[in-house]
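The values are calculated or read from the model by the stated rules, or taken from the named source; none is laboratory data. Since the model is a prediction, treat every value here as computed from it, not as a measurement. Heads up, the Cβs are rebuilt from the backbone with ideal geometry, glycines too, and the neighbour counts pull from every protein chain shown. SASA here: full protein model, heavy atoms, side chains in, ligands and nucleic acids out. Shrake-Rupley method; radii C 1.70, N 1.55, O 1.52, S 1.80 Å.
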Amino acid sequence: MTRRLAAWACVLSLLCCTSVGCRAIQGIGESRQSIAARKLSRQGLQKMRVGKWTDAEQLFGEALALSDKDDHAHRGLAEAYWNRGQRVSAIEHMEKAVALSAGDPRLVGRLGEMYLQEGHLEKAERQSEIALASERGSAEIWTLRGDCLRQKGTEQEALAAYHRALALQPDFIDAKLQVAELYLNSNQYDRIVATLDQLDPTGDESAAPTRVHMLRGIAMRNLNRPEIAVKHFAKAAESDPQRAEPHLQIAAIELEKGRADLASRSVARALELDRRLVESSGWSQYLLTPEQLAAQQADQGTRR
């Protein structure tokens, strides 16, 4: 009896050892897969940074095939899907990334931005609150908070949130643009100029968004500085050659100066870019016929 008990004890001991060994081997396998997945995710992020979205998406997919618990891969795939307009899938992967990262504030904030752009204001606001609870030093998260408050219609609170963002990162263009837009709503043109001045300490604003040039032009026009306004609208047209609005703004200034021929040319250029906008806004009536343009030029020549 004693020998039989001893034998059973030995078998149980071996089974336990085998079970522990299997778990250990399995853990090593999972660890190797996780490491390989992380490596693929890093490669995907590098591809994403240089705009190679197709390659990035493939690498993130391969990473998740190895380990579905790789938050970096979920995050990257979310951005890849977002880039090509698959918003629902993008949000699903970003939600997984947030859960797997234990609520990384940066990912929470990015999820909030996605919610907001898809019209889910309550969800976006909740994400901004969660992110700020653990990270109050992020200009991006404060800007998200401001965006949520602005959509709620509480513009003064939104303005305060944007100013918090700019206190943390004075050159953060997203916050600057939102502040300038709020000043435009209240006709505070001098503040628009002050907000958007010196975007780049070196003076090189070649990479400034088109909206920056448009806002500056609108502000300068309303501050009775039409010559400077035209320069900003011209920069906007150069920045976004497919946009009609800068040409219509220039046309308005030319009309104010009594130069109907130059206004007509700007309207004609806008018509080439966006016929629906020009016709629906009534600008078509300012187009001159070739005969009218010739008469205008002849009249100007006589005056000289």
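Figures for the structure shown
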quantity: Most to least accessible of F60, F172 (protein chains only, probe 1.4 Å); calculated: F172, F60
quantity: Net +/- balance of residues flanking T54 in space, Cβ distance below 10 Å, scoring K and R +1, D and E -1; calculated: +1
quantity: Heavy-atom SASA rank of R136, R75, R216 (probe 1.4 Å, accessible area, largest first); calculated: R136, R75, R216
quantity: Local net charge near E181, Cβ-Cβ under 13 Å (Lys/Arg +1, Asp/Glu -1); calculated: +2
quantity: Nearest-10 value in Å² for the accessible area of W82, using the 1.4 Å probe; calculated: 30 Å²
quantity: Violating pairs (Cα-Cα greater than 29 angstrom) within the set K235/K257; K176/K235; K152/K235; K152/K257; K152/K176; calculated: K152/K235; K152/K257
quantity: Exposure of E157 as accessible area (Å², to 10), given a probe of 1.4 Å and all protein chains; calculated: 110 Å²
quantity: Anchor K52: lysines whose Cα lies under 27 Å away (excluding residues fewer than 8 positions away in-chain); calculated: K39, K69, K96
quantity: Accessible area in the full protein assembly, largest first, 1.4 Å probe, for V193, V50; calculated: V50, V193
quantity: Ellipsoid semi-axes in whole angstrom, largest first, where each is sqrt(5λ) of the Cα gyration tensor of segment 32-77; calculated: 17, 9, 8
quantity: For H74, net neighbour charge (Lys/Arg +1, Asp/Glu -1) across residues whose Cβ lies under 15 Å away; calculated: -2
quantity: Segment 174-279, accessible surface, carbon-and-sulfur percent (1.4 angstrom probe); calculated: 44 percent
quantity: Rg/Rh ratio calculated on Cα atoms of segment 165-257 (Kirkwood radius); calculated: 0.97
quantity: 5 Å binning of all Cα-Cα separations within segment 70-222, expressed as whole percents from 0 upward; calculated: 2, 10, 17, 18, 18, 15, 12, 6, 2, 1, 0
quantity: Per-q log10 I(q)/I(0), segment 113-203, q = 0.19 Å⁻¹ (Debye; single scatterer per alpha-carbon; no solvent); calculated: -0.85
